[in-house]
Amino acid sequence: MSMVDEPLYPIAVLIDELKNDDIQLRLNSIRRLSTIARALGEERTRKELIPFLSENNDDDDEVLLAMAEELGVFIPYVGGVEHAHVLLPPLETLCTVEETCVRDKAVESLCRIGSQMRESDLVDWFIPLVKRLAAGEWFTARVSSCGLFHIAYPSAPEMLKTELRSIYGQLCQDDMPMVRRSAATNLGKFAATIEPAHLKTDIMTIFEDLTQDDQDSVRLLAVEGCAALGKLLEPQDCVLHILPVIVNFSQDKSWRVRYMVANQLYELCEAVGPEPTRTDLVPAYVRLLRDNEAEVRIAAAGKVTKFCRILSPELAIQHILPCVKELSSDSSQHVRSALASVIMGMAPVLGKDATIEQLLPIFLSLLKDEFPDVRLNIISKLDQVNQVIGIDLLSQSLLPAIVELAEDRHWRVRLAIIEYIPLLASQLGVGFFDDKLGALCMQWLQDKVYSIRDAAANNLKRLAEEFGPEWAMQHIVPQVLDMINNPHYLYRMTVLRAVSLLAPVMGSEITCSKLLPVVISSSKDRVPNIKFNVAKVLQSLIPIVDQPVVEKTIRPSLVELSEDPDVDVRFFANQALQSIDHVMMSS
């Protein structure tokens, strides 16, 4: 091909590939747009590539999504910020397609480009685009336009600003619920760019319309707007405009709206200040905690500690605790589970006396719950209560629940409790642990489920770190090593795993005297899986023990394994031998 045709070549290939029936080729071509643009140079990219992309009427969403994404980072390829406006037409087209994720990506790319454009270009190119989309015949264009106002507004002259506010107001009253939803979602972003004077008049009017929308999906998004607007307004305006809306929403006929309020309520408390919180929002929150829909109670229960932190302990005890008592025996296990995951955080808020008197009975009832998730959520947050009421009271009530969970028929429950054992050990202390939980930790090493055995081995390592090598030498190591004679090879493998984890914690001396002989004797095992695991463990012990031990004990054993009939045993033995040579070389 002659030099003259060279620059034409990439665009020709691109055009061919973009018209190809194979979607993968079209996708690859779009993903290589930046390479093609570099080959064409800035001017030809502006004059040929971008117009071509604007006319490209591909009907595959994946290709369009990739295009929307690529164009967002295309400013350097069209000659920098002064030419950024040439990227707007193809993205404007993508803002009107039917597929939501393509439109969202196009809006995101337009926002990225708009935030880099010069002010004069925004007025000449970007704002007209927003107005065109907002007046679009198809609802898709109007939906997309809502996400662009916060970029267009700050640089608009006064006249245009008034027009943009009025257009946004019309979008909030659009016939299509999807458009009103989009307007409600983006209201907070738009409001953040608007001058305080107009915020109280125009935006609050728009907001009030949305809060009275007949579609619950629009009202639900307006709830999110409450928190965003609450942060922008002065506290007294917040009390005047936002508070009544929230109180109404907390009694909305749609449970979805009430659910959103339950999720957002504590953020609104920060916006309105302590006094209105006490008089208006506490009753609203109590209503939500007693809602007849389980989903709303779940959301409200999950926020109970955050809400109590805003209130004084007296208020929390007076208003919130009675609801918490009711929720602890709620008919829905999910509500009890949500409560169990946060109730521990109430202890520091309420103080020692109230915790012992009021919270402890609730705890204990949740610890005896028939659903394991509820019991687990309580145990996982124990440290928060321990700090408040001390371990003696806790340990009497805790132990039966822990033992029951440790033997639960669901292996995931057993797994979760193992993961909390080191935390419990640090809270309960070594004496209590040896008496009550030591035997359990050994029992898990012989569980039928591999994940439990593996977690049990990790657990022993963490306990050895917590209580020190001397304790481990007395309480863990002998019991673990006794299990190496178990007739089932899977349990013997667990012992090897435990040895490899304990060795770094126990140090060189104990490893050489106690752990290494057991590993070496296992190299004579009749099961190949055990033998190649021995090779792996020996490899992990090389950095821990002294050089003479490696040469005298570990190397001969590995040499023997490297001549084993089984291919995997030979492979891992050779790998370990290479590792020894590597250590020798480097030292």
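The values are calculated or read from the model by the stated rules, or taken from the named source; none is laboratory data. From a predicted model like this one, the values you see are computed outputs, not experimental measurements. Note: ideal-geometry Cβ built from the backbone for every residue, glycine included; neighbour counts use all protein chains shown. All accessible areas refer to the heavy atoms of the entire protein, side chains included, with ligands and DNA or RNA removed. Shrake-Rupley method; radii C 1.70, N 1.55, O 1.52, S 1.80 Å.
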> What single numbered condition from (1) modelled with pLDDT of 75 or more; (2) open to solvent by 20 Å² or more (accessible area, probe 1.4 Å) fails to hold for Leu289?
Replying inline: (2)
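Given Arg492, Arg497, which one is part of a helix (DSSP H, G or I), of a type in the set (Lys, Arg), without any contact (Cβ under 8 Å) to a residue 60 or more places away in the chain and open to solvent by less than 40 Å² (accessible area, probe 1.4 Å)?
Residue meeting the stated conditions: Arg492.
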> When you go through Gln474, Gln479 one by one, which is the residue that is open to solvent by 20 Å² or more (accessible area, probe 1.4 Å), in contact (Cβ under 8 Å) with a residue 12 or more places away in the chain and closer than 30 Å to Ser521 by Cβ?
Replying inline: Gln479
> Scanning region 255-292 for residues that are among the small types (Gly, Ala, Ser) and over 18 Å from Phe207 (Cβ atoms), which turns out nearest to the chain's Cα centre (by Cα)?
Replying inline: Ala262
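Inside region 294-376, counting only helices (runs of 4 or more DSSP H) that do not spill past its ends, which hold 1 or more residues that are within 21 Å of Leu268 (Cα to Cα)?
Details: elements: 294-302, 304-310, 321-328, 333-343, 346-350, 360-367.
So the answer is 294-302, 304-310, 321-328, 333-343, 346-350.
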>> Return the pair list, or none, for Cβ contacts closer than 7 Å from residues in region 442-461 that are closer than 17 Å to Leu481 by Cα and open to solvent by 10 Å² or more (accessible area, probe 1.4 Å) to residues that are of a type in the set (Lys, Arg) and at pLDDT 85 or above, at least 6 apart or on different chains.
In response: Asp447/Arg453; Asp454/Arg497
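Against the condition modelled with pLDDT under 75, open to solvent by 30 Å² or more (accessible area, probe 1.4 Å) and over 26 Å from Arg278 (Cβ atoms), how does His241 come out, does it pass? Please lay out each step first, then the result.
Details: modelled with pLDDT under 75: yes; open to solvent by 30 Å² or more (accessible area, probe 1.4 Å): yes; over 26 Å from Arg278 (Cβ atoms): no.
So His241 fails the test.
For (1) closer than 20 Å to Arg46 by Cα; (2) at pLDDT 80 or above; (3) charged (D, E, K, R), each residue gets a yes or a no:
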| site | (1), (2), (3) |
| --- | --- |
| Ile113 | yes, yes, no |
| Trp125 | yes, no, no |
| Lys131 | no, yes, yes |
| Val143 | no, yes, no |
| Leu160 | no, no, no |
| Ser166 | no, yes, no |
| Cys172 | no, no, no |
> Of (1) out of contact with any Phe, Trp or Tyr (no Cβ under 8 Å at 6 or more places or on another chain); (2) open to solvent by less than 50 Å² (accessible area, probe 1.4 Å), Arg112 satisfies all except one. Which?
Replying inline: (2)
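Is there a residue being of a type in the set (Val, Ile, Thr), touching a residue at least 12 places away in the same chain (Cβ under 8 Å), over 24 Å from His582 (Cβ atoms) and assigned to a helix (DSSP H, G or I) anywhere in region 532-548? Even if it seems obvious, please write down each step before you answer.
Of the residues in region 532-548, the ones of a type in the set (Val, Ile, Thr) are 534, 537, 542, 544-545.
Still in the running and touching a residue at least 12 places away in the same chain (Cβ under 8 Å): 534, 537, 542, 544-545.
Cutting the leftovers down to over 24 Å from His582 (Cβ atoms) gives us none.
No, there is no match, as no residue in region 532-548 is of a type in the set (Val, Ile, Thr), touching a residue at least 12 places away in the same chain (Cβ under 8 Å), over 24 Å from His582 (Cβ atoms) and assigned to a helix (DSSP H, G or I).
For region 505-526, how many residues are among the hydroxyl-bearing types (Ser, Thr, Tyr) and open to solvent by less than 20 Å² (accessible area, probe 1.4 Å)? Show your work before the answer.
Restricting attention to region 505-526, the residues satisfying the condition of being among the hydroxyl-bearing types (Ser, Thr, Tyr) are 508, 511, 513, 521-523.
Adding the requirement that they be open to solvent by less than 20 Å² (accessible area, probe 1.4 Å) leaves 511, 522-523.
Count: 3.
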> Out of all the residues in region 67-87, which are surrounded by fewer than 21 Cβ atoms within 10 Å (Cβ to Cβ) and either among the aliphatic types (A, V, I, L, M) or over 21 Å from Asn28 (Cβ atoms) (or both)?
Replying inline: Val73, Ile75, Pro76, Gly79, Gly80, Val81, Glu82, His83, His85, Val86
>> Which condition from (1) over 22 Å from Ile23 (Cβ atoms); (2) under 34 Å from the mean Cα position of the chain (by Cα); (3) surrounded by fewer than 16 Cβ atoms within 10 Å (Cβ to Cβ) is the one that Asp60 breaks?
In response: (1)
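For Val567, are the conditions met, namely being open to solvent by less than 40 Å² (accessible area, probe 1.4 Å) and of a type in the set (A, V, I, L, M)? Spell out the reasoning first.
On the way: open to solvent by less than 40 Å² (accessible area, probe 1.4 Å): no; of a type in the set (A, V, I, L, M): yes.
Considered against the rule, which asks whether it is open to solvent by less than 40 Å² (accessible area, probe 1.4 Å) and of a type in the set (A, V, I, L, M), Val567 comes out as no.
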>> Every residue in region 127-162 that is in contact (Cβ under 8 Å) with a residue 40 or more places away in the chain and open to solvent by less than 10 Å² (accessible area, probe 1.4 Å), please.
In response: Leu129, Leu133, Thr140, Ala141, Ser144, Ser145, Cys146, Gly147, Leu148, Phe149, Tyr153
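Evaluate region 108-116: report whether one residue or more is within 24 Å of Leu199 (Cα to Cα), of a type outside the set (Ser, Thr, Tyr) and out of contact with any Lys or Arg (no Cβ under 8 Å at 6 or more places or on another chain).
yes
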>> Show the residue pairs meeting these rules: Cβ distance below 6 Å; 6+ apart or different chains; first residue within region 507-523 and within 17 Å of Ala472 (Cβ to Cβ); second residue small (Gly, Ala, Ser) and modelled with pLDDT of 80 or more.
In response: Thr511/Ala503; Leu515/Ala503
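Test of understanding: among Val403, Val385, which residue is open to solvent by 10 Å² or more (accessible area, probe 1.4 Å), closer than 22 Å to Ala416 by Cα and modelled with pLDDT under 80? I'd like the intermediate steps shown before the answer.
Working: Val385 fails: open to solvent by 10 Å² or more (accessible area, probe 1.4 Å).
One residue alone meets the criteria, Val403.
Kindly check whether there is at least one residue in region 426-442 that is closer than 26 Å to Val550 by Cα, among the acidic types (Asp, Glu) and modelled with pLDDT under 85.
First, the residues of region 426-442 that are closer than 26 Å to Val550 by Cα: none.
So far as region 426-442 goes, no, none of its residues is closer than 26 Å to Val550 by Cα, among the acidic types (Asp, Glu) and modelled with pLDDT under 85.
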>> For region 250-280, which positions are under 16 Å from Val218 (Cα atoms), buried (at least 21 other Cβ atoms within 10 Å of the Cβ) and either at pLDDT below 75 or among the charged types (D, E, K, R) (or both)?
In response: Arg258
> So which helices (runs of 4 or more DSSP H) stay within region 123-224 end to end and still have 3 or more residues that are under 32 Å from the mean Cα position of the chain (by Cα) and under 23 Å from Ala68 (Cβ atoms)?
Replying inline: 139-146, 149-152, 177-191
